[in-house]
Structures are given as C-alpha cells and as structure tokens.
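Throughout, read-outs are computed from the coordinates displayed, never taken from laboratory work. For clarity, every value in this text was computed on a predicted model and none was experimentally measured. Please note: Cβ atoms are built from the backbone with ideal geometry, for glycine as well, and neighbour counts cover all protein chains shown.
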Amino acid sequence: MMRIFLLQRFSAIALLVFLTLHMIVLHYPPFHIDFDNVLERLENPVWKAIDIAFLFVVLVHALTGVYMVITDLDRLARYRGLITWISVAVGAAAFVYGTQTILAFQAP
Amino acid sequence: MTNVTIRVQRFNPDVDQKPHLDEFQIELTQGKTILDALHEIKEEQDGSVTFRRSCRHAICGSCAMNVNGVNMLVCDAPLKDFVDRRGRVTIRPLPYLPIIKDLVVDRTSFWEQYQRVKPWLLPPDDVPEKEFRMSPDEVKALQDAEHCIMCGACYSACQVVAMSKKYIGPHALLKAFLRVLDPRDSAPGERLTDLDQGDGVFRCHTIFNCIDACPKHLNPTQAIETLRKLVMKRQAFEAARAQRQQSLDQPISVE
Ligand code: FES
C-alpha cells in the first residue's frame, strides 16, 4: 500500500511538470492547437520521448488512483490480487498502444 | 414566539423496512440546544424517540448526530444556528453506521478499530523509579490528540469508512499517533508496522471530512500525515526513540 501511495504522489509531482508543459505548448498563446505545429513537434525525437514519458506518468497516476478507490470497497477487498494484475495489464496495454501511436506519428 | 420544525429520522427495526422522517413542532427559545429540543420532543410529544446522551456538556461524546448533513454534538449545538430557510432542522443518526433505533447507531466497528491500535501505553521494562520525565515540547505535541472524546463524528464522516469498515479510521489513527509519539511507549516500531497494513494510514484519501466533523477542532488528517512519514522513516525514528527512552528518568536538559 505504501508503494502504491508513493507511486501516486511522485507521479502527481511529475504530472505537474508535464501538464504545465502540455498546457503551455498546446493551449496558451502564442501557441495554439494546430496540426502543422503538432507535426513539426513530433518530428523531434525529444518531443516524442516527452510524450511517451507523459503517457507513462498519466497511466501510473490514473491507475494507482483507481486501484486505491476500488480496493477501498469491502466487498472487493478479497480480489485485491486480481485487481492489481488487471491494473497492470490495462496500464501495459494502454502504454504499448499509446507509445506505438506516438512513434508512428510522422510527417507525410 | 417562533416555532421550528424538527425533522427526526425514525427507524424501528421491529416495524420499519427503512428509515423515515417524523416532524415535530417546538418553540425556539433563547439558549435551547438541539439536544434540549430532542428532550422536549421525547418528554412532551413522542416518548418513543430514541437517542443517546449523557453529560450535556460536550465531553462524553455520546450525543454525536448528523444535523442538516453535518456531524456534531447536539448538546453543544444551539438550535437557532441550525434552522434552515424553511424553518426546519433535520436530525439523522451518524451516517454509514448500522442503525439500532432512531438516532442510535451501532458503534461496534468504531470500537473494534480503536482496540486494534492498542490505545493503551506499553511502558518499557525498566520503568523509572519515579515518574517518567517528558519535556514541555513533547507534552505539547501530544496534547491535541489527548482531547479526543471518542464521539465518532470523524469516523462516521469519513468516506473511506463509508466504503470499508476494515479501515482503521481517523479516531483510532489519532490515538495511534498519540502512542507512537509518546516517549514513554516502548513499541512504536510495532505500532508503525501495524499501521502500514492495507487498511492503515495509506488508505486515507486526505478528504479532510474528519477535521470538519471534529467537535473538539482536532486534526486527525495531520496526525495521519505524520504517521505516514514515520512509517516511511521507521528505522531512524525507532533509533531516535530508543535513545530518548534511555533518558526518560533523567532530568530534561534545557538547551
Ligand atoms: S451529551 Fe455528552 S457530549 Fe453531548
């Protein structure tokens, strides 16, 4: 439990950094959502790495949060092991799928 | 003289399928508390209305109830402060606990969790001949937690308790905090190990309901945060504690 708690707290701190960057680059002036800009950015492998790391941190934070809330329920407490494995599997699948999408993104 | 409608949640397990609200009219007079209103209802209108109370001075903790959605001690709550815009006050039992009758709830899980943290002092083997010595700072650090009257307002306001009665709960964690930080206690390490279990300190979601509900203005959330830190630094803490304990019967050095 302590490890999950710490994972969630550390991922929250990392999210602060990533989300700030995300909001600045995508939403706030002088930047704005623009397909050409996205294409240009994703040409750069550093941005791809940042996006993959962002995806990882989001998944860790979201899944640890959901795990903690689900395992609060008395009735589900005995399935804790199963819930852990489902969370890991969902996280891994989402990470692989998301990473593939980011990597496949190329300017035509 | 203004009249107030008191809505009391009623439930008699022998007769009722589910709880319902009964309305009573009473006069709003100067200095009347919600507990006074309940007494008036019981004595003059419906003798079957059931509730717990004892001291009437906000010290025994038995009259904790939910008034207009907020847990509080009704003996300490002036009636006029809780009349809503429609001239009503709604009194329900503490939420998330099984109802025995009307406003009386079953506190078994509350006391079980309290017992679980061993709320008593476990003194060291070599008890000093005279009294234990504690510095004013050490006493001050524990003083708040000492003021808990075990009313259950925080416990039944906690959303985690609502979902699981296996969670230790803010009341017991506050007591554990008291014992872990008490320099006279000899088993802080074991206590911290127990608190590190799945239903211990890390189950708290820091919702702060316990602080809002506490009629003594204590801060169980802060105590839980402190315990979390100590659980993570258990070894260093235990070493410092062992050192401090050796000097418990010595005069306290003023630095
Ligand atoms: S009657 Fe004792 S605290 Fe209210």
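Things to note:
- Considering only B:Leu103, B:Leu173, B:Leu122, the Gaussian network model of chain B with Cα springs below 10 Å gives its largest mean-square fluctuation to B:Leu122.
- In a fully extended conformation the segment linking B:Leu28 and B:Gln143 would gain 37.7 nm over its present Cα-Cα distance, using 0.36 nm per residue.
- Table column - 3J(HN,Hα) (Hz), region B:90-102, Karplus curve with 6.51, -1.76, 1.60, x for Gly and Pro: 10, 10, 10, x, 4, x, 6, 10, x, 8, 8, 7, 6
- Dipole of region A:7-75 [Lys/Arg +1, Asp/Glu -1 at C-beta], most positive-end residue of A:Phe54, A:His32, A:Asn44: A:Phe54
- Cross-linked pairs B:Lys140/B:Lys166; B:Lys175/B:Lys229; B:Lys118/B:Lys175: Cα-Cα separations exceed 19 Å for B:Lys140/B:Lys166.
- Of the GluC sites (Glu not before Pro) found in region B:125-219, those in coil by DSSP whose Cβ has at most 14 other Cβ atoms within 10 Å are B:Glu129, B:Glu131.
- Cα convex hull volume per residue for region B:46-183 (Å³): 156 Å³
- In degrees, nearest ten, helix A:80-104 long axis to first principal axis of chain A (Cα): 10 degrees
- Average projection, convex hull of the Cα set of the protein assembly as shown: 28.3 square nanometres.
- Fraction in percent of alpha-carbon pairs per bin - 10 Å, chain A: 13, 36, 29, 15, 6, 0
- Note on B:Ser247 and B:Asp212: their simple-model spin labels are 4.4 nm apart, each label 7 Å out from Cα toward Cβ.
- Förster radius 51 Å - calculated FRET efficiency between A:Asp34 and B:Thr193 (Cβ-Cβ, nearest 0.05): 0.40
- Of B:Gln113, B:Gln17, B:Gln197, the one that fluctuates the most in a GNM where chain B has Cα springs shorter than 10 Å: B:Gln17
- Modelled spin labels at A:Ile70 and B:Arg234, positioned 7 Å past Cα toward Cβ, are 2.7 nm from each other.
- Amide hydrogen neighbours beyond the local backbone of B:Thr33, cut-off 5 Å, H modeled: B:Leu79
- Residue-wise HN-Hα coupling along region A:44-50, computed from phi with Karplus coefficients 6.51, -1.76, 1.60 (Hz; x: Gly, Pro): 8, x, 5, 5, 4, 5, 4
- For region B:78-147, the equivalent ellipsoid built from the Cα gyration tensor has semi-axes of 42, 21, 8 Å, listed from largest to smallest.
- Highest GNM mean-square fluctuation among A:Gly81, A:Gly98, A:Gly65, for chain A modelled with Cα contacts below 10 Å: A:Gly81.
- For region B:186-208 versus region B:48-125, the gap between their alpha-carbon centres in whole angstrom: 24 Å
- Computed FRET value (nearest 0.05) for A:Tyr97 with A:Ala49, which takes r as the C-beta separation and R₀ as 22 Å: 0.80
- Rg/Rh for chain B, where both radii come from Cα atoms and Rh is the Kirkwood radius: 1.07
- Amide H to amide H, with H built 1.01 Å from N, B:Ala187 comes under 5 Å of B:Leu122, counting only residues 5 or more places away or on other chains.
- Sparse-neighbour loop sites [chymotrypsin sites (Phe, Trp or Tyr not before Pro); region A:9-67; at most 16 other C-beta within 10 Å; DSSP]: A:Phe31
- In Hz, Karplus ³J(HN,Hα) per residue of region B:24-41 (6.51, -1.76, 1.60; θ = phi - 60°; x = Gly, Pro): 9, 9, 9, 7, 8, 10, 4, x, 6, 9, 5, 5, 4, 4, 5, 4, 4, 4
- Between the amide H of B:Leu21 and those of B:Arg10, distances stay under 5 Å, these residues lying 5 or more places away or on another chain, with hydrogens modeled in the peptide plane.
- Computed E for B:Glu129/B:Thr108 - FRET, C-beta separation, R0 41 angstrom, nearest 0.05: 0.50
- Entry note, chain B: relative contact order of 18 percent, from Cα contacts under 8 Å with a spacing of 6+ residues.
- Remark on region B:108-247: hydrodynamic radius 15.4 angstrom, per the Kirkwood mean of 1/r across alpha carbon pairs.
- Cα-centre dipole for the protein assembly as shown with unit charges at Cβ (Lys and Arg positive, Asp and Glu negative), debye to 20: 440 debye
- Alpha-carbon Debye profile of region B:5-67, log10 I(q)/I(0) at 0.12 Å⁻¹: -0.33
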